[in-house]
Amino acid sequence: MKKKYRYLTEAAQSVMQNAYSPFSKFRVGAAILTNDGKIITGCNIENSSFSLTICAERVAIFKAISEGVTKFKAIAVVSDAKDFTPPCGACRQVLVDLAGNIDIVLINSHNQMKIKKLNDLIPLAFTKKKLMKGK
Ligand code: THU
């Protein structure tokens with residue numbers, strides 16, 4: 001595996017063990033890298049009322065924001081699947097709004113890595129800059 005983002009990847013793989021996914025049986029782990037080198041993790045957490053489920057990526061970034069961190073470099077996302085697990089549309093919106101054009105580090109169950117820029121996953125995103133226009 002490429003050396004870049006190795007610790008971030010390991011953090012995401014480790015937190016994936018905490019996934020609470022009795023309904024989908026699909027485990028996801030995410031680890032976000034802050035500008036000052038801190039790593040904050042999250043896993044998916046499902047609910048009997050299915051729509052209340054939250055993805056690993058949003059758990060990670062909400063934890064970070066709630067700890068006062070606002071500048072980010074990258075987020076790693078891992079799952080049990082052979083295919084990569086790119087963030088869902090809701091997570092892309094939350095991430096671009098709160099973190100900007102960060103690296104999205106995708107890792108599959110074979111430990112293969114692919115790195116994307118968030119702007120390429122959510123082009124023409126609606127962000128607070130647009131919301132504030134004209135105010
Ligand atoms: N899930 C994530 O945690 N992140 C993603 O990027 C895709 C989906 C979770 C939500 C749900 O618990 C399970 O995976 C199946 O959709």
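Values in this text are rule-based calculations from the coordinates and carry no lab data. No experiment lies behind these values; they were computed from the predicted model shown.
Rounded to the nearest 500, the helix-only mean residue ellipticity at 222 nm of the chain stands at -8000 deg cm²/dmol, with each DSSP H run of n ≥ 4 adding -39,500 (n - 2.57).
Would you please classify the overall shape of the stretch 1-89 from the alpha carbon gyration tensor, given that a ≥ b ≥ c denote the square roots of the eigenvalues, rounded means a/c under 1.5, and beyond that prolate means a/b larger than b/c while oblate covers the rest? Judged from the Cα gyration tensor, the stretch 1-89 comes out oblate (a/c at least 1.5, b/c at or above a/b).
GNM on the chain, alpha-carbon springs under 10 angstrom: the most fluctuating residue among F62, F50, F84 is F50.
Straight-distance candidates among the lysines for linking to K114, with alpha-carbon spacing under 18 Å and chain neighbours fewer than 8 residues away dropped: K2, K3, K4, K73, K82. Can you tell me the 0 to 90 degree angle between the C-alpha axis of helix 89-99 and the longest principal axis of the chain, rounded to 10? The answer is roughly 60 degrees.
Using C-alpha pairs below 8 Å separated by at least 6 residues, the relative contact order for the stretch 45-135 is 24 percent. Largest GNM mean-square fluctuation among L124, L106, L98, using the chain with Cα springs under 10 Å: L124.
When the Cα centres of the stretch 73-100 and the stretch 8-28 are compared, how far apart do they sit, in Å? Each part's Cα centre sits 13 Å from the other's.
With the Cα gyration tensor of the stretch 24-135 giving a ≥ b ≥ c as the square roots of its eigenvalues, does the rule (a/c under 1.5 for rounded; else a/b larger than b/c for prolate; else oblate) give rounded, prolate or oblate? Prolate is the answer for the stretch 24-135, as a/c is 1.5 or above and a/b outweighs b/c.
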